[in-house]
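Engineer: Structure incoming, see below.
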Amino acid sequence: MEDDDSDTASTTSGGTQTQQTYPWSNYSLPQLRELLRQRGQLTTGSKSALKKRLKNLERSSKSEASGQPATTIDITTQQSAHMHEGDSTAVAGSDPQVEKDNDCDSKESKNKIHPLRARISSRSNSFSAHFADFINRRRIALETERQEISVYTSPLTVLSYFVLYLLHEFRMALLWIISQQYLLVVLPLLTAIVYFVYQTDGAHQPLLKHAESGLIWYGYWTLLGVASSVGLGTGLHTFILFLGPYIAEVTLTAYKCGNTNFDVRGDHRFVCRSPESDALSLTLYAIFRAVQWESFFWGFGTAIGELPPYFVARAAALSGNRNEELAAIEDLLKKKPDSVSYKERILLMVHEGMKRLGFFGIFLCASIPNPLFDLAGITCGHFLIPFSTFFGATFLGKAVVKSSIQTLFVILMFSADTLATFMGWLERSAPFFHGYLADGINSQKGALHGKGRVSEADVDDSTSL
């Protein structure tokens, strides 16, 4: 049996075993490397590893000469050659040729891609594709499920989500207050001061009561404005239900008293403080000043109520989701112009106006009674228009312009001059309708002035609407 560590090879010929000595048995390490380099083989490794490599080459050449299949180089020989690379480096010392050969071997190994690494890379790409598909399908399923949820079909689900949202917002606000260290001192101190002022008697108490009454009064109109914009799913038009009748009552009382020197809230509201005077000296501007702050805070509330569509669309745009209303607008844009209805054309006009005009487009849409203003908020949120731009234009349009126009319209409708002119024209044109309308106006005036109201004892017997 042949020993791989020796420099001789045993051969058997005619039953006689002879020992063969290789010509490179006594070569030095540089000479062995030069010989392997000439034969196109690796030159790294220890002296024994290089001799084994030469020995394998001799076997291969003999096998090819005799017509036998070439003997495959033993794997253990290659492994031992790589394992002895450290020894060869130590023997070679600072041989520059050794360092150059090692660099060439390392570059060749880097250029080759290991099959296992390629397989892992292909599996990771396949997993990423499946994961992205799963996320897409899950998003579509959640959007479909969310469309089916409403206050009427799933009241408990909506209520639970609402409570969780309030708790989340309260927790975030609490964490923000804790992070602002100065608030931990200012808020308790301010609370203590307010409590002390409320509990202490003095000349400031009437002023404090008046400020508290005004805060509650104008907060009431602000909340009505918010309810009008939000709608609560029912289209709650608080201007027609609350602010319009209030302006009408102030107008009628002003023409009755001849001035606006009367209270509009409290126990003595709408009671004339001075005898009736000539109503002709009363101006529309004086009546408008009497109701301007109620109208302003109602408009301010409507501007606040337009914020939810803006924030929802903005959050959807930042998360990469597609808004349902804007998706419907995009579908309309794909339609032929002949197949678009009049309402759909108005939607497209509002959408294009928000995109092109910006602040002035928002201001114009907010300055008129516009039931499609939700689309304006959605468009602004989707295109990430700054909050200051959207709310500033909405505030000016709704609280200053739109509410003032509506207030002046109601004042004109219930002013004495306008009513007299309109009723005279109706009496000449349609006497039959004039009688019914005159009775209705007189009864409404009596109701607004507190006349003809039934007592508590007669409430059960009353069937009046």
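The values are calculated or read from the model by the stated rules, or taken from the named source; none is laboratory data. This structure is a prediction, so every number in the text was calculated from the model and none was measured. Glycine also receives a Cβ, built like all others from the backbone with ideal geometry; neighbour counts cover every protein chain displayed. Each accessible area value is taken on the protein alone, full model and side chains, heavy atoms only, with ligands, DNA and RNA left out. Shrake-Rupley method; radii C 1.70, N 1.55, O 1.52, S 1.80 Å.
Engineer: Of 210, 168, 382, which has the most accessible area with a 1.4 Å probe, and how do the rest follow in descending order?
Structural biologist: 210, 168, 382
Engineer: Hey, another quick one. Taking 0.36 nm per intervening residue step and subtracting the Cα-Cα distance, what contour gain separates residue 129 from residue 170 on full extension?
Structural biologist: Contour length minus Cα-Cα distance gives 10.8 nm.
Engineer: With r defined as the distance between the Cβ atoms of residue 346 and residue 181 and R0 fixed at 60 Å, what FRET efficiency is calculated, to the nearest 0.05?
Structural biologist: For residue 346 and residue 181, the calculated efficiency is 0.70.
Engineer: I would also like to ask the following. At 7 Å along the Cα-to-beta-carbon direction for both residue 213 and residue 357, put a label point, then send me their distance in nm to one decimal.
Structural biologist: Reported label-point gap for residue 213 and residue 357 is 4.3 nm.
Engineer: Another question, then. May I ask you to derive the FRET efficiency for residue 191 and residue 430 from their Cβ-Cβ distance with R0 = 60 Å, giving the value to the nearest 0.05?
Structural biologist: Efficiency for this residue pair is about 0.40.
Engineer: In addition: Report the local net charge at residue 396: Lys and Arg +1, Asp and Glu -1, summed over other residues whose C-beta lies under 14 Å from its C-beta.
Structural biologist: Within the 14 Å Cβ shell, the charges total +1.
Engineer: If packing is taken as the mean number of other Cβ atoms within 10 Å per residue, what is the order of 309-317, 136-144, 282-290, highest first?
Structural biologist: 309-317, 282-290, 136-144
Engineer: Rounded, prolate or oblate: which fits the range 156-311, taking a ≥ b ≥ c as square roots of the Cα gyration tensor eigenvalues, rounded meaning a/c under 1.5, else prolate when a/b beats b/c?
Structural biologist: It comes out oblate by the Cα gyration axes.
Engineer: Mind ranking 351, 268 by accessible surface for me, highest first, 1.4 Å probe?
Structural biologist: Descending order: 268, 351.
Engineer: Determine, for each peptide in 211-219, 148-156, the mean count of other beta carbons within 10 angstrom over its residues, then list the peptides with the highest first.
Structural biologist: Result, highest mean Cβ count within 10 Å first: 211-219, 148-156.
Engineer: As an exercise, use a Förster radius of 60 Å and the Cβ-Cβ distance of residue 264 and residue 154 to find the FRET efficiency, rounded to the nearest 0.05.
Structural biologist: FRET efficiency, residue 264 to residue 154: 0.90.
Engineer: Label the range 19-61 by shape, choosing from rounded, prolate and oblate, from the square roots a ≥ b ≥ c of the eigenvalues of the Cα gyration tensor; if a/c is under 1.5 it is rounded, and otherwise prolate applies when a/b is larger than b/c, oblate when it is not.
Structural biologist: oblate
Engineer: For a protection proxy built on the mean count of beta-carbon atoms within 10 angstrom, sort 423-435, 188-200, 246-258 highest first, please.
Structural biologist: 246-258, 423-435, 188-200
Engineer: Using 0.36 nm per residue of separation minus the Cα-Cα distance, give me the extension gain between residue 146 and residue 58 in nm, one decimal.
Structural biologist: 23.9 nm
Engineer: Right, here's the next one. What shape does the range 369-422 have by the C-alpha gyration tensor, where a ≥ b ≥ c are the square roots of the eigenvalues, rounded means a/c under 1.5, and otherwise prolate means a/b greater than b/c and oblate the rest?
Structural biologist: The shape class here is prolate.
Engineer: Another one. Describe numerically, in nm with one decimal, the distance between label points set 7 Å from Cα along Cα→Cβ at residue 223 and at residue 286.
Structural biologist: Output for this residue pair reads 3.4 nm.
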